[in-house]
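Participant: I am attaching a structure below and will ask some questions about it afterwards.
Just so it is clear, none of the values below were taken in a lab; they were calculated from the coordinates. If you're wondering where the values come from, they're calculated on a predicted model, not measured in any experiment. Backbone-built Cβ (ideal geometry, glycine too); neighbour counts: all protein chains shown.
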Amino acid sequence: MVQPLFLKPVFKERIWGGTALKEFGYTLPSDKTGECWAISAHPNGLSEVENGSFKGKTLDKLWKENPELFGNPQGKVFPLLTKILDANMDLSVQVHPDDGYAMANENGELGKTECWYIIDCKEDADMIFGHNAKTKEELVAQIVEGNWNELLRRVKIKPGDFFYVPSGTIHALCEGTLVLETQQSSDTTYRVYDYDRKDDQGNLRDLHLEKAIDVTTIPHQNSTIVANVEKKGDTEITALVQSDFFSVYKWNVKGSTTFSFAGQHLLLSVIKGEGSLMHNGESYSFRKGNHVILPVGLGEFEVSGECELIVSHP
């Protein structure tokens with residue numbers, strides 16, 4: 001029987017991490033926990049199914065051995081990765097490659113286009129998003145001279161904001177930001193600047209300037225996102241982005257709504273509240289911090305409660 005698949009997240013300790021992920025009911029490995037890999041088939045952090053006949057199976061094996069759950073796709077790897085990031089300190093300034101560059105230079109890894117939904121942030125928070133260089137020569141000169149204030153663009157952020165971050169975009173989350181990230185299934189990051197921080201062994205972390213300069217889009221291209229809001233039953237659905245790699249929505253549920261997605265699997269992450277999903281007479285409770293895949297063939301289902309979900313699909 002096709003049923004919702006609840007996933008066990010994987011946690012990553014980071015130099016910039018903290019404890020904010022406890023708000024989701026998670027037990028953290030340390031007070032430097034920066035990332036929850038919530039829905040992941042990437043070898044660097046594999047999600048396991050927690051319920052039903054596939055309990056204990058990792059998502060990469062499910063993709064390979066049970067492709068019917070995903071509509072028998074052509075791709076070799078599960079294409080998306082959902083994370084929650086706790087930027088307790090500033091992240092390094094970084095940039096990601098596209099598919100072609102990553103395939104050629106990172107052992108066949110996917111590129112990394114991503115997007116961020118700002119769950120929470122401190123008052124008057126900002127982030128780094130883009131650069132001011134007009135040419136490659138100007139970009140190189142600013143990096144070599146360390147003119148970061150002149151080079152890097154900063155934008156103000158607030159809870160509920162959404163940003164689409166195509167590959168080639170220089171970016172960095174800053175201190176006091178909690179984000180749900182939907183991205184291509186990749187773990188390739190090129191660091192441009194890391195505030196001269198040292199790791200636990202007293203070493204400066206590696207930078208990847210040659211590759212970063214190779215892949216940076218020059219000049220910076222602003223990605224304008226126009227959210228489209230519609231009402232379905234007791235749910236307000238905001239279409240956040242529809243790109244070549246993923247579509248991402250926010251569902252604000254206040255009551256109950258019946259859905260049906262023929263031929264498409266969905267990734268659900270509960271970022272606020274609690275509720276239940278009813279399918280074929282079975283009720284599946286969920287709460288903030290749960291992450292669920294709804295397989296192809298699930299058919300009609302009902303979502304009820306008072307909650308907010310970020311929903312995506314390839």
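Participant: Would you kindly give the portion of the calculated P(r) for the range 53-179 that falls above 27 Å, as a percent of all Cα pairs?
Facilitator: Numbers: 2966 of 8001 pairs.
Value for the range 53-179: 37 percent of Cα pairs lie more than 27 Å apart.
Participant: Taking a cut-off of 15 Å, what percent of all Cα-Cα pairs in the range 228-313 are separated by more than that? Kindly include the intermediate steps, with their values, before the conclusion.
Facilitator: Numbers: 2069 of 3655 pairs.
In whole percent, the share of Cα-Cα pairs in the range 228-313 beyond 15 Å is 57.
Participant: Same structure, new question: In whole Å, what are the extents of the range 155-210 along the principal axes defined by its C-alpha atoms, from largest to smallest?
Facilitator: Result, largest extent first: 37, 24, 20 Å.
Participant: Which net charge results for the neighbourhood of L81, defined as the other residues with beta-carbon distances under 10 angstrom from its beta-carbon, given Lys and Arg at +1 and Asp and Glu at -1?
Facilitator: Values: positive: K83, K112; negative: E114, E181, D187.
Value of the local net charge: -1.
Participant: Which shape class applies to the range 107-229: rounded if a/c is under 1.5, otherwise prolate when a/b exceeds b/c and oblate if not, where a ≥ b ≥ c are the square roots of the Cα gyration tensor eigenvalues?
Facilitator: rounded
Participant: Further, regarding this structure: Could you sort out which of K198/K272; K83/K198; K22/K231; K64/K156 sit more than 30 Å apart by Cα distance in this structure?
Facilitator: Details: K198/K272 35 Å; K83/K198 25 Å; K22/K231 32 Å; K64/K156 42 Å.
Where the Cα-Cα span goes over 30 Å, the pairs concerned are K198/K272; K22/K231; K64/K156.
Participant: Right, next: Counting only Cα atoms, I'd like the Rg/Rh figure for the chain, Kirkwood definition for Rh.
Facilitator: Working: Rg = 19.7 Å, Rh = 20.3 Å.
My calculation of the ratio gives 0.97.
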